[in-house]
1. Spin-label point model (7 Å from Cα, Cβ direction): what's the residue 4 to residue 50 distance in nm?
2. Take residue 43 and residue 29, extend 7 Å from each Cα along the Cα→Cβ direction, and tell me the distance between the two endpoints in nm.
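Computed from the coordinates by the stated procedures, all read-outs in this text should not be read as laboratory data. None of the values given here were measured: they were computed from a predicted structure. Counting neighbours? That spans all protein chains shown, and the Cβs are built from the backbone with ideal geometry, glycine included.
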Amino acid sequence: MSLVNRVLAIMARALSCVRGQGLAEYALILALIAILAVVALAFLGGTITSILSTIGKKL
């Protein structure tokens, strides 16, 4: 294998690792946002229910 082919192969492997790492980071951020949304709904669920109930009654 020539030197150019070796360098290209190494670069291709490095780029695929970076793409996979970026995808994993986005997945972790998305999971964190989902967890925060569930926790917020758990704490604010009663308040949201009463507000929506009040709005529904007035309509």
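1. Output for this residue pair reads 7.4 nm.
2. So the two model labels end up 2.3 nm from each other.
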